Amino acid sequence: MGGPPGPDLKKLDYFVGTWTSEGAIAQGSWGMGGKFSATATNDWLPGSFFLQTQSESKMPAELGGDSKAVMIMGYDTQQNTYTSDRFSSLGQHETSKGTLSGDTWTWTSTSNYGGMEIQGKMTIKTVSATSYTFKYEVSMDGKNWMPFMDGKATKK
(Lines give C-alpha, C1' and ligand atoms only; values in the text may rest on other atoms or scores of the structure.)
Protein backbone atom coordinates (compact mmCIF):
# COMPACT_ATOMS: atom_id res chain seq x y z
CA MET A 1 0.00 0.00 0.00
CA GLY A 2 2.83 2.39 0.59
CA GLY A 3 6.18 2.14 -1.14
CA PRO A 4 8.84 -0.56 -1.21
CA PRO A 5 9.80 -2.76 1.77
CA GLY A 6 11.64 -0.72 4.41
CA PRO A 7 15.07 -1.25 5.99
CA ASP A 8 13.67 -3.01 9.08
CA LEU A 9 11.92 -5.58 6.91
CA LYS A 10 15.10 -6.20 4.91
CA LYS A 11 16.84 -7.38 8.11
CA LEU A 12 14.81 -10.59 7.77
CA ASP A 13 16.99 -11.28 4.69
CA TYR A 14 19.38 -12.93 7.15
CA PHE A 15 17.01 -15.93 7.38
CA VAL A 16 16.55 -16.48 3.62
CA GLY A 17 17.70 -19.94 2.53
CA THR A 18 17.64 -23.42 4.03
CA TRP A 19 18.68 -23.90 7.65
CA THR A 20 19.16 -27.05 9.71
CA SER A 21 18.91 -26.88 13.47
CA GLU A 22 19.49 -29.28 16.29
CA GLY A 23 19.51 -29.08 20.02
CA ALA A 24 18.10 -30.30 23.28
CA ILE A 25 14.77 -29.98 25.01
CA ALA A 26 15.06 -29.59 28.77
CA GLN A 27 13.34 -31.87 31.24
CA GLY A 28 10.27 -30.24 32.81
CA SER A 29 6.57 -30.50 33.52
CA TRP A 30 6.18 -31.31 29.79
CA GLY A 31 8.23 -34.52 30.10
CA MET A 32 11.73 -35.96 29.97
CA GLY A 33 12.92 -33.73 27.14
CA GLY A 34 15.48 -35.04 24.68
CA LYS A 35 16.98 -34.17 21.32
CA PHE A 36 15.29 -32.41 18.43
CA SER A 37 16.19 -31.46 14.88
CA ALA A 38 14.56 -29.37 12.17
CA THR A 39 15.02 -28.18 8.61
CA ALA A 40 13.50 -24.87 7.50
CA THR A 41 13.46 -23.19 4.11
CA ASN A 42 12.74 -19.44 4.07
CA ASP A 43 11.96 -17.32 1.02
CA TRP A 44 10.26 -14.00 0.30
CA LEU A 45 6.70 -14.00 -0.96
CA PRO A 46 6.21 -11.89 -4.14
CA GLY A 47 6.60 -8.22 -3.21
CA SER A 48 9.16 -9.02 -0.48
CA PHE A 49 6.95 -7.83 2.39
CA PHE A 50 6.59 -11.28 4.01
CA LEU A 51 9.07 -14.09 4.54
CA GLN A 52 7.59 -17.59 4.29
CA THR A 53 9.04 -20.59 6.12
CA GLN A 54 8.32 -24.26 5.44
CA SER A 55 9.74 -26.47 8.17
CA GLU A 56 9.93 -30.08 9.31
CA SER A 57 10.78 -30.98 12.91
CA LYS A 58 11.61 -34.17 14.78
CA MET A 59 10.90 -34.11 18.51
CA PRO A 60 10.38 -36.66 21.27
CA ALA A 61 7.01 -38.43 20.87
CA GLU A 62 5.65 -37.01 24.16
CA LEU A 63 6.06 -33.51 22.66
CA GLY A 64 4.23 -34.35 19.46
CA GLY A 65 6.89 -36.26 17.55
CA ASP A 66 7.50 -35.31 13.93
CA SER A 67 5.66 -32.29 12.55
CA LYS A 68 5.55 -29.81 9.70
CA ALA A 69 4.82 -26.10 9.91
CA VAL A 70 4.36 -22.97 7.84
CA MET A 71 5.37 -19.59 9.23
CA ILE A 72 4.98 -16.07 7.84
CA MET A 73 7.22 -13.27 9.15
CA GLY A 74 6.91 -9.56 8.45
CA TYR A 75 7.31 -6.12 9.99
CA ASP A 76 4.46 -4.01 11.38
CA THR A 77 5.39 -0.38 10.71
CA GLN A 78 2.50 0.88 12.91
CA GLN A 79 3.73 -0.98 16.00
CA ASN A 80 7.44 -0.99 15.01
CA THR A 81 7.67 -4.71 15.66
CA TYR A 82 8.44 -7.87 13.72
CA THR A 83 5.52 -10.28 13.41
CA SER A 84 5.35 -14.04 13.02
CA ASP A 85 2.42 -16.42 12.56
CA ARG A 86 3.18 -20.14 12.69
CA PHE A 87 0.76 -22.95 11.85
CA SER A 88 1.73 -26.57 12.56
CA SER A 89 0.52 -30.02 11.54
CA LEU A 90 -0.17 -30.58 15.27
CA GLY A 91 -2.97 -27.99 15.11
CA GLN A 92 -1.04 -25.20 16.81
CA HIS A 93 -1.19 -21.55 15.75
CA GLU A 94 1.39 -19.34 17.42
CA THR A 95 1.57 -15.56 16.98
CA SER A 96 4.82 -13.87 17.99
CA LYS A 97 6.18 -10.35 18.11
CA GLY A 98 9.88 -9.74 17.61
CA THR A 99 12.60 -7.17 18.17
CA LEU A 100 16.18 -6.95 16.94
CA SER A 101 18.91 -5.41 19.09
CA GLY A 102 22.44 -5.69 17.74
CA ASP A 103 22.96 -9.38 16.89
CA THR A 104 20.05 -10.65 19.00
CA TRP A 105 16.47 -11.30 17.94
CA THR A 106 13.88 -11.72 20.71
CA TRP A 107 10.46 -13.18 19.85
CA THR A 108 7.67 -13.33 22.44
CA SER A 109 4.39 -15.22 22.22
CA THR A 110 1.42 -16.41 24.22
CA SER A 111 0.02 -19.88 23.59
CA ASN A 112 -2.77 -21.95 25.06
CA TYR A 113 -1.91 -25.55 25.93
CA GLY A 114 -4.65 -27.64 27.48
CA GLY A 115 -6.42 -24.58 28.87
CA MET A 116 -3.24 -23.07 30.33
CA GLU A 117 -1.86 -19.82 29.01
CA ILE A 118 1.89 -20.11 28.51
CA GLN A 119 4.21 -17.30 27.51
CA GLY A 120 7.15 -18.09 25.27
CA LYS A 121 10.40 -16.26 24.56
CA MET A 122 12.73 -17.26 21.71
CA THR A 123 16.15 -15.61 21.75
CA ILE A 124 18.22 -15.92 18.57
CA LYS A 125 21.84 -14.75 18.54
CA THR A 126 23.48 -14.46 15.13
CA VAL A 127 26.98 -15.93 15.24
CA SER A 128 27.83 -15.50 11.54
CA ALA A 129 26.10 -15.17 8.16
CA THR A 130 25.45 -18.92 8.22
CA SER A 131 25.02 -19.73 11.91
CA TYR A 132 22.94 -18.72 14.92
CA THR A 133 22.22 -20.05 18.38
CA PHE A 134 18.79 -20.04 19.95
CA LYS A 135 17.05 -20.70 23.23
CA TYR A 136 13.35 -20.96 23.93
CA GLU A 137 12.01 -20.30 27.42
CA VAL A 138 8.50 -20.63 28.82
CA SER A 139 6.68 -18.89 31.66
CA MET A 140 3.30 -19.11 33.35
CA ASP A 141 3.46 -15.57 34.78
CA GLY A 142 5.85 -13.62 32.52
CA LYS A 143 8.32 -13.25 35.40
CA ASN A 144 9.75 -16.70 36.09
CA TRP A 145 11.23 -18.24 32.94
CA MET A 146 12.13 -21.92 32.53
CA PRO A 147 14.42 -23.23 29.78
CA PHE A 148 12.53 -25.36 27.26
CA MET A 149 15.05 -25.84 24.47
CA ASP A 150 18.30 -24.56 23.10
CA GLY A 151 20.38 -25.30 20.06
CA LYS A 152 22.21 -24.11 16.98
CA ALA A 153 21.13 -23.52 13.39
CA THR A 154 23.37 -23.69 10.33
CA LYS A 155 22.63 -22.43 6.83
CA LYS A 156 23.14 -25.00 4.08
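The values are calculated or read from the model by the stated rules, or taken from the named source; none is laboratory data. From a predicted model like this one, the values you see are computed outputs, not experimental measurements. No Cβ is skipped: glycine too gets one built from the backbone with ideal geometry, and neighbour counts run over all protein chains shown. We work out accessible area using only protein heavy atoms, side chains counted, and drop any ligands, DNA or RNA first. Shrake-Rupley method; radii C 1.70, N 1.55, O 1.52, S 1.80 Å.
Table for the structure above
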{"item": "Contour minus Cα-Cα distance for Ser37 and Gln52 (0.36 nm per residue)", "result": "3.5 nm"}
{"item": "Calculated FRET efficiency for the pair Thr20/Thr99, C-beta based, R₀ 35 Å, to 0.05", "result": "0.85"}
{"item": "Straight-distance crosslink candidates among lysines, where the alpha carbon sits under 19 Å from Lys58 and sequence neighbours closer than 8 are dropped", "result": "Lys35, Lys68, Lys135, Lys152, Lys155, Lys156"}
{"item": "CD proxy at 222 nm, helix term only [per DSSP H run n ≥ 4: -39500 (n - 2.57); per residue of the chain; nearest 500]", "result": "-500 deg cm²/dmol"}
{"item": "Segment Ser139-Thr106, length gained on full extension (0.36 nm per residue, minus Cα span)", "result": "10.4 nm"}
{"item": "Accessible surface ranking that places the most exposed of Ser111, Ser29 first, with a 1.4 angstrom probe", "result": "Ser29, Ser111"}
{"item": "Per residue accessible area of region 1-146, 1.4 Å probe, in Å²", "result": "58"}
{"item": "Region 36-154, relative contact order [Cα under 8 Å, separation at least 6], %", "result": "12"}
{"item": "Prolate/oblate/rounded label for region 85-156 (Cα gyration tensor, a/c 1.5)", "result": "prolate"}
{"item": "Listed candidates [x] 1.03; [y] 1.18; [z] 1.40 - label of the one calculated as Cα Rg over 2.2 N^0.38 Å", "result": "[x]"}
{"item": "GNM top mover of Gly17, Gly115, Gly33 - the chain, alpha-carbon springs below 10 Å", "result": "Gly115"}
{"item": "Accessible area of Ile72 in the full protein assembly, 1.4 Å probe (Å², nearest 10)", "result": "50"}
{"item": "Proximal charge balance of Thr18 [Cβ under 12 Å; K/R count +1, D/E count -1]", "result": "0"}
{"item": "The chain - percent of accessible surface contributed by carbon and sulfur, probe 1.4 Å", "result": "55"}
{"item": "Gained length - Lys68 relative to Trp44, 0.36 nm times residue gap less alpha-carbon distance", "result": "6.7 nm"}
{"item": "Local electrostatic count at Lys58 - Lys and Arg +1, Asp and Glu -1, tallied over other residues with Cβ under 15 Å", "result": "-2"}
